[in-house]
Amino acid sequence: MTITKTMVPYPIMPVPNEQTQPYWDGTREGKIMIQRCQKCGFYNHPPLYICINCKDRDAALVFEQVSGRGTIYTHYICHDNSIAGFENKVPYPVVIVELEEQKGLFIMSNLLNFEYDAYGSEIKPGMPVEPVFEKASETITVVQYQPATQRRPRQAAGSRGSRK
């Protein structure tokens, strides 16, 4: 059984650009900021130049804070030790987390502070998780996930941000 407590140090670093900088500014402050269409309320992640829901080219796209809480949608255990700098980190769990704010709003990350076997059979779809912020450098903080300590009810269907 294995428990991944941290992914630091990060041998490969994200490189923010004009489109993603608000997301990385938020993580540095311990917040998850996701782009949201101000016309239809749909969250777009990763950020885009046009809302993928309403497709209105004139709709304002603004970064808004989300809770970061969600559930595991799917996962795999990475055993690939060919990526330079990650050789001593394998095996580690990679998870796709569906955020509670909107169905289909996903973040890809790692699962920390949870015991798992070589196949990750203990990691189940629907498992509640919460964000953990790891400082990777002076300018980059990476969002990781761990099992949730407490759970709030999912937002009701049809509320702002759900797909039409």
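Here the simple spin-label model places points 7 Å from the Cα toward Cβ, and for Q21 and H79 these points are separated by 4.3 nm.
The lysine pair count for the chain, using Cα distances under 30 Å and pairs eight or more places apart or on different chains, is 24. Here, P(r) means the percent of Cα pairs in each 10 Å bin from 0 to the largest distance; for region 19-147 it is 13, 37, 33, 14, 3.
Residues whose amide H lies under 5 Å from that of E64, counting only those 5 or more places away or on a different chain, are I34, Q35, R36; hydrogens are built 1.01 Å from N in the peptide plane.
Short-range pairs are left out: with C-alpha atoms under 8 Å and at least six residues apart, the relative contact order of region 19-147 is 22 percent.
Comparing R69, R28, R57 in a Gaussian network model of the chain where C-alpha atoms under 10 Å apart are linked, the largest mean-square fluctuation is found at R57. Taking amide H positions as modeled 1.01 Å from N, with prolines and chain starts lacking one, the residues under 5 Å from C78 and 5 or more places away or on another chain are Y92, V94. Under a 5 Å amide H cut-off, with hydrogens placed 1.01 Å from N, D56 pairs with C51 among residues at least 5 apart or on other chains. Protection proxy ranking for 81-91, 114-124, 138-148, using the average of other Cβ atoms within 10 Å per residue and placing the highest first: 138-148, 114-124, 81-91. Cβ-Cβ distance of V62 and S137, R₀ of 30 Å, FRET efficiency by 1/(1 + (r/R0)^6): the value works out to about 0.65. Going from the fewest other Cβ atoms within 10 Å to the most, the residues V132, V66 appear in the order V132, V66. Answer rounded, prolate or oblate for region 1-55, using the Cα gyration tensor with square roots of eigenvalues a ≥ b ≥ c: rounded when a/c is under 1.5, else prolate when a/b is larger than b/c, else oblate. Judged from the Cα gyration tensor, region 1-55 comes out prolate (a/c at least 1.5, a/b above b/c).
Highest GNM mean-square fluctuation among I96, I50, I72, for the chain modelled with Cα contacts below 10 Å: I50.
None of the figures in this text is laboratory data; all of them are computed from the coordinates on show. Predicted model only: the values in this text are computed from it and were never measured. Note that we place each Cβ from the backbone using ideal geometry, even for glycine, and neighbour counts take in every protein chain shown.
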